[in-house]
1. Just for the Cα atoms in the stretch 209-248, what are the lengths along the principal axes, largest first, rounded to whole Å?
2. Apply 1/(1 + (r/R0)^6) to the Cβ-Cβ distance of residue 78 and residue 145, taking R0 = 30 Å, and write down the FRET efficiency to the nearest 0.05.
3. For the stretch 174-244, what is the relative contact order in percent, using Cα pairs closer than 8 Å and at least 6 residues apart in sequence?
4. Mind checking the full-extension length gain between residue 214 and residue 100? Use 0.36 nm per residue of separation minus the Cα-Cα distance, one decimal, nm.
5. With the Cα gyration tensor of the stretch 174-244 in hand, give its eigenvalues times 5 under a square root as the equivalent ellipsoid semi-axes, listed largest first in whole angstrom.
C-alpha cells in the first residue's frame, strides 16, 4: 500500500483489495441497491446514494482516460476515518492485449517464462485486472484533483484509495456473473435455499435471472451436503454477497 498526504485528502493505491460488505435491502438486485442507513451511525444514506452516482461517473471519466474500467466505488467510515475506495481494472481492450500476450507465451514482466499458475491453467486470464502501481498512482492523482474541483465529497477529511479488485473479487452485476461463468464462487443469500444461505461451487449461467452452482467442484459444508443435490440454482435477487474463489 502506498500513501500520499495532500492536506485534508489522503491518497492511497494498492494491489491488494479492500472490501466492505453492507446489509442490502431484501429482494432487490445487488447492482440496483445501496444501504439505506450507514452501518455504523444509522444515518439515512439516500443522499449518499446520489453522491456516489456522481462520484462513480467522475471516476469512470478519469479511468477511461487512462485505459481503465471502474469495478466498484465504496464510501465507508465516519469523521476523519472516512474512506473513498475505488477498485479498477484494465478496460476491455487492455485485457484483450494482456490475454493475447499471455496466450502467446509472454509473461507480464517481459521475461520468457509465464507464472506457473497461468502456465498450468490454474489461474484464468480473466481474473487478472492488469492494473499496475503506476495505473493506480496516476488515477489517484487525477481523480483526486477532479474530486476537489467539483467538490464531490462533502464534509471533512477522507482517504482516497485506488486498487485492483484482487483474485477474490466480488461480483455484483449481471455482466460480471456472465463474464466469470465457469469460475469457482462463494455466495451468501438473503433467504435460505434448501435450508442453507452459504454456498460454494463452480458457477454456470442459469436460465433467466439466476445462476447455477456445480457443488461437486468444491468440498461442501455439512449443510450443503445435507441438501443431497449436486447443483443449486440461486436467483440474482436473492444474492446478498458473491465473490470469486481464487484457484491457486
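No lab work stands behind these numbers, since they all come straight from the coordinates. Quantities reported herein were computed from a predicted structural model and do not represent experimental measurements. Cβ sites come from the backbone with ideal geometry, for glycine too, and all protein chains shown count toward neighbours.
1. Ordered largest first, the stretch 209-248 gives principal extents of 28, 25, 14 Å.
2. On the way: r = 25 Å, r/R0 = 0.83.
The value I calculate is 0.75.
3. Numbers: 124 pairs, mean separation 25.0, N = 71.
Result for the stretch 174-244 is 35 percent.
4. Details: separation 114, 0.36 × 114 = 41.04 nm, distance 2.92 nm.
38.1 nm is the gain from fully extending residue 214 to residue 100.
5. On the way: eigenvalues 62, 35, 21 Å².
Semi-axes, largest first: 18, 13, 10 Å.
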